[in-house]
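Encoded as structure tokens, the structure appears first; notes follow it.
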Amino acid sequence: MTNRPRASLGRVLDDLGATLLELVHGDPDQPAEIGGIVIHDPLDDPVLPPQALVLGVGLHEPDRIADVLRDLGRQQAAGLVVRAQTLRPPADLPTMAEQPGSPIAAGDLLADAVAESGVALLALTRGASWDQLAVLLRSLLAEGDVGDAETLGGMPSGDLFALANATAALLDAPVTIEDRSSRVLAFSGRQDEADTARVQTVLGRQVPQRYFRLLTEYGIFRELYRTDRPVQVPPLPTAEEDFTIPRVAVAVRAGDEILGSIWAAVRDPLTAERSQALCDAAKLVALHMLRIRAGADVERRLRADLVSTALEGGAGARAALDRLGLADQAVVVLALGIIASSDSDESVVADLAGESLVSQAGLAGERQRLADAFAMHLGAVHPRAAAALVGDVAYGLIPVRPERSDGEERAVRIGKHFLERIGDRVTASIGVGPVVSDAAHLPNARAGADRALRVLRTGRAAPRVARLADVHVDTLLLELRDLIEARGDEPTGPIALLVAYDRRHHTDLVETLRAWLDAFGDVAAAAAAVYVHPNTFRYRLRRLAEVGGLDLDDPDSRFAAMLQLRLVPTT
């Protein structure tokens with residue numbers, strides 16, 4: 001049994017309150033553990049886990065917020081988060097006095113809806129993004145435990161927020177814990193006591209670029225990473241004069257590896273006792289960061305094993321689905337793969353000299369990052385969706401409601417939204433398999449998704465996302481070509497005669513025939529495709545019919561020639 005504090009609404013407000021979240025109405029001391037983070041979708045109501053915390057992105061009107069609160073109450077949600085400045089009552093309703101320092105002015109309508117539904121209403125402060133809040137909440141609610149380790153140094157294993165608050169209490173100063181890239185992993189309370197730079201860092205979960213550049217130019221990071229003692233950081237000379245409070249920082253190390261750093265905004269130099277307390281905190285933070293990293297690796301491997309076992313079918317498939325929370329549900333399978341820039345399955349990158357180098361390690365890391373992003377995206381769509389990297393393909397399993405008949409179409413939309421979000425930095429495609437309602441049929445669904453993905457990887461289909469039904473003919477042609485290549489078949493009949501003639505006389509009869517077939521017999525279009533005059537093309541067409549003994553008026557002959565040209569190597 002773990003001693004880790006329950007991930008309740010009160011704990012969320014303790015760790016993120018005052019800086020990111022503000023309680024508007026409701027009971028913050030609900031004992032129930034939050035069951036998950038869900039993004040509200042007005043067009044497609046998601047399935048909520050019990051005691052879900054819902055992010056009301058785009059909710060503006062108080063009457064609409066009240067309706068959502070009542071609906072969430074029927075689904076036993078724990079709370080609803082909306083943007084702070086959107087909480088304005090309708091003009092015909094009386095307003096409550098605005099609290100000093102609060103951007104919220106809420107009327108009786110929302111208070112009544114909260115009381116009726118039992119769902120707490122929270123406000124996200126201005127300047128903070130929904131993506132940042134979602135990542136913070138999921139990090140805060142994650143278990144992070146590995147094996148039997150329940151606590152480290154008296155702190156719940158992996159709870160960096162608790163560590164930040166404890167360190168802040170020892171130093172009597174607001175604290176942030178950051179990784180090597182200056183991304184904020186956790187922060188303490190009392191951040192409002194610091195300066196504008198700290199507030200921007202916490203809200204953005206990243207040290208602003210102008211401060212990062214100044215810290216680098218002044219050699220702060222160089223000094224920080226070559227000593228295990230605290231480093232004093234004076235106020236930086238920014239144009240806005242908003243870095244006004246000095247900092248003290250210490251590196252977080254695991255042996256020779258730098259894991260991150262702890263930063264405290266202090267107005268006066270630390271005493272010797274507090275400097276030692278900061279060094280001791282860095283050692284404890286290192287243990288927790290290693291525990292989190294190990295836990296993430298274990299969780300990733302476990303999920304990959306479960307997804308792989310489910311997709312393979314067999315006796316263990318149902319047990320794997322049960323552990324994934326997908327038993328007795330219809331699911332649709334998605335296969336996500338990176339499209340390499342060459343015929344091989346390697347990632348080709350250009351160095352400074354313009355030469356092409358193959359980086360297998362870089363490709364493997366890119367696949368894992370893409371798979372992690374895919375898993376997060378599917379998790380936001382459906383709380384019970386599962387995704388993992390199996391081999392070089394990231395597979396996703398999305399539950400489909402029994403009453404819905406558009407499971408595949410919805411999966412295509414989800415896949416397109418994901419690829420739009422990642423942009424063009426990585427060229428990837430997604431194959432969508434058929435919806436299956438039985439664990440025994442999951443291998444067929446996986447095969448369907450793989451077949452669709454293969455067509456997309458070869459460039460035979462223009463879209464980046466496709467169902468098997470959309471590219472079924474192309475998959476059959478690829479499989480037939482595999483059979484031909486495995487047997488070593490060569491062109492026969494008229495095609496073989498044309499290939500031999502071209503090799504002996506350096507002509508282009510095979511290219512002429514291919515262009516004519518592709519143009520469906522349109523001589524003008526075919527001639528333009530091979531850049532010759534139509535009369536010249538007609539002559540070549542008559543010549544290839546004579547050389548190959550090919551009857552161009554016979555549909556069976558045309559089909560046989562087209563099939564060979566598409567499947568059998570002619571060069």
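Looking at VAL307, VAL298, just one residue is at pLDDT 80 or above, β-branched (Val, Ile, Thr), out of contact with any Lys or Arg (no Cβ under 7 Å at 6 or more places or on another chain) and part of a helix (DSSP H, G or I), and that residue is VAL307. The residues listed here are VAL146, VAL119; of these, the one that is modelled with pLDDT of 75 or more, surrounded by 17 or more Cβ atoms within 10 Å (Cβ to Cβ) and hydrophobic (A, V, I, L, M, F, W, C) is VAL119. Would you please name the residue that is surrounded by the most Cβ atoms within 10 Å (Cβ to Cβ), looking only at residues in the stretch 321-336 that are under 19 Å from the mean Cα position of the chain (by Cα) and of a type outside the set (Val, Ile, Thr)? Going through the qualifying residues, I end up with LEU334. So which residues in the stretch 346-401 are among the β-branched types (Val, Ile, Thr) and modelled with pLDDT of 65 or more, if there are any at all? Scanning the stretch 346-401 gives VAL381, VAL390, VAL393, ILE398, VAL400.
So is ASP502 without any contact (Cβ under 8 Å) to a residue 60 or more places away in the chain, out of contact with any Phe, Trp or Tyr (no Cβ under 6 Å at 6 or more places or on another chain), assigned to a helix (DSSP H, G or I) and closer than 24 Å to GLU479 by Cα or not? No; evaluated as a whole, the condition is false for this residue. Here ALA394, ALA387 are screened, and the one residue that is part of a strand (DSSP E or B), without any contact (Cβ under 8 Å) to a residue 60 or more places away in the chain and closer than 27 Å to ILE37 by Cβ is ALA394.
Here's the yes/no breakdown for (1) modelled with pLDDT of 85 or more; (2) in a helix (DSSP H, G or I); (3) touching a Lys or Arg at 6+ places or on another chain (Cβ under 7 Å):
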{"residue": "ALA447", "(1), (2), (3)": "yes, yes, no"}
{"residue": "ASP450", "(1), (2), (3)": "yes, yes, no"}
{"residue": "PRO463", "(1), (2), (3)": "no, no, no"}
{"residue": "ASP470", "(1), (2), (3)": "yes, yes, no"}
{"residue": "THR475", "(1), (2), (3)": "yes, yes, yes"}
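You will find that of ALA449, ALA469, ALA440, the residue that is surrounded by 16 or more Cβ atoms within 10 Å (Cβ to Cβ) and in the same structural domain as ARG413 (by TED's automatic domain parsing) is ALA449 and no other. Inside the stretch 34-83, residues that are on the phi > 0 side of the Ramachandran plot and among the β-branched types (Val, Ile, Thr) make up a count of 0. Could you check the stretch 550-568 and list, in sequence order, the residues that are exposed (fewer than 12 other Cβ atoms within 10 Å of the Cβ) and not in a helix (DSSP H, G or I)? Answer for the stretch 550-568, where residues must be exposed (fewer than 12 other Cβ atoms within 10 Å of the Cβ) and not in a helix (DSSP H, G or I): ASP553, ASP554.
Screening the candidates PRO31, PRO49, PRO103, PRO5 for the property of being touching a Ser or Thr at 6+ places or on another chain (Cβ under 7 Å), at pLDDT below 80 and not basic (Lys, Arg) yields one hit, PRO31.
None of GLY36, GLY79, GLY127 is surrounded by 15 or more Cβ atoms within 10 Å (Cβ to Cβ) and at pLDDT below 80 except GLY36. Among the residues of the stretch 485-496, none qualifies, meaning not one is free of Cβ contacts under 8 Å to residues at least 40 places away in the same chain, touching a helix residue (DSSP H, G or I) at 6+ places or on another chain (Cβ under 9 Å), crowded, with 16+ Cβ neighbours inside 10 Å and not polar (S, T, N, Q). Residues that are charged (D, E, K, R), over 21 Å from CYS279 (Cβ atoms) and either exposed (fewer than 14 other Cβ atoms within 10 Å of the Cβ) or in contact with a strand residue (DSSP E or B) (Cβ under 9 Å, 6 or more places away or on another chain) (or both) occur at least once in the stretch 214-230.
The values are calculated or read from the model by the stated rules, or taken from the named source; none is laboratory data. Model, not experiment: these values are computed from the prediction. As a convention, Cβ positions derive from the backbone with ideal geometry for all residues, glycine included, and neighbour counts pool all protein chains shown.
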